[in-house]
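The values are calculated or read from the model by the stated rules, or taken from the named source; none is laboratory data. The structure displayed is predicted, hence computed values, not measured ones. Please note: Cβ atoms are built from the backbone with ideal geometry, for glycine as well, and neighbour counts cover all protein chains shown. Side chains are part of the model used for accessible areas, which takes the heavy atoms of the whole protein and leaves out ligands, DNA and RNA. Shrake-Rupley method; radii C 1.70, N 1.55, O 1.52, S 1.80 Å.
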Amino acid sequence: MELLKERIRKDGIIKPGNVLKVDSFLNHQMDIQLFNEIGKEFKRRFADVKVDRILTIEASGIGIAAIVAQYFDCPVVFAKKTQSINLDGTMLSTKIESFTHKRTYDVIVASRFIQPGENVLVLDDFMANGCAAMGLIDLIESAHANVVGVGIVIEKGFQQGGRMLREKGLRVESLAIVDGMDADTQSITFREN
Ligand code: 5GP
């Protein structure tokens, strides 16, 4: 998605440790016009699948998913990061290791918000090692629902997540794939479509 790549080139800041900061337009301040274009692009890429729900994870996935869901005309559910898990069967839970915070979270979603047999699209702002996406997939599978695809705004293609999910046969659509970035020169290389 050229518009997104241009915006990353213009406003993205490359931090040491393979972190790309895009907080001026994606995950702190949010450019809603850009989000609308992102929504149209995901809808175009997943036009052939029926999507009953979008599942994302708090916090930065929520704003994007809320706008994208308008193009799929479906509800958004976000998985919550929590300290305490209520194991009475009303919650689905999994563990996710955070790339940016280097810690493991318990993540929950109320089981009534993912019904057996439903088609669920996973959506997130970034993919690095794929832990967040794998955790969301785990929640969907434990609800006996179907993962119809994984939509990622920015995939860091030099980390393992995208390859790992595609090797599992999952349909991953990333709007921009970064193949390399250098914090010293602030240069970034995108994968050709
Ligand atoms: P993963 O679970 O794939 O290793 O990492 C994905 C999660 O970590 C995303 O939900 C995102 O919030 C965060 N993340 C990973 N890499 C980056 C990055 O380079 N920049 C930002 N802003 N967030 C990232």
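Evaluated against (1) over 15 Å from residue 138 (Cβ atoms); (2) more than 16 Å from the ligand (Cβ to nearest atom), residue 100 falls short on exactly one condition, (2). Anything in the range 44-85 that is in a helix (DSSP H, G or I), open to solvent by 10 Å² or more (accessible area, probe 1.4 Å) and within 16 Å of the ligand (Cβ to nearest atom)? List them, or say none. Within the range 44-85, 60, 62, 63, 66 qualify. Of all residues in the range 151-171, those satisfying the criterion of being within 13 Å of the chain's Cα centre (by Cα), among the hydrophobic types (A, V, I, L, M, F, W, C) and within 23 Å of residue 12 (Cα to Cα) are 152, 153, 154. Residue selection: residue 109 fails the criterion of being of a type in the set (A, V, I, L, M) and either part of a loop (DSSP other than H, G, I, E, B) or within 12 Å of the ligand (Cβ to nearest atom) (or both). Taking each residue of the range 137-160 that is within 16 Å of the ligand (Cβ to nearest atom) and looking for partners that are open to solvent by 60 Å² or more (accessible area, probe 1.4 Å) and at pLDDT below 95 with beta-carbon atoms closer than 8 Å, six or more apart or interchain, yields 156/18; 158/18; 159/18. For the range 112-142, the set of residues classified as aliphatic (A, V, I, L, M) and either surrounded by fewer than 20 Cβ atoms within 10 Å (Cβ to Cβ) or not in a loop (DSSP other than H, G, I, E, B) (or both) consists of 120, 121, 122, 123, 127, 132, 133, 134, 136, 137, 139, 140, listed by residue number. Of all positions in the range 30-43, at least one carries a residue that is in contact with a helix residue (DSSP H, G or I) (Cβ under 8 Å, 6 or more places away or on another chain), open to solvent by 70 Å² or more (accessible area, probe 1.4 Å) and assigned to a loop (DSSP other than H, G, I, E, B). In the range 1-29, what residues are basic (Lys, Arg) and surrounded by 15 or more Cβ atoms within 10 Å (Cβ to Cβ)? Listed by number, the residues that qualify are 5, 7.
Only one entry of 64, 13 meets the criterion of being out of contact with any Pro (no Cβ under 9 Å at 6 or more places or on another chain), within 21 Å of residue 114 (Cα to Cα) and touching a residue at least 24 places away in the same chain (Cβ under 8 Å), and that entry is 64. With respect to the stated conditions, residue 70 is without any contact (Cβ under 8 Å) to a residue 40 or more places away in the chain and within 29 Å of residue 31 (Cβ to Cβ).
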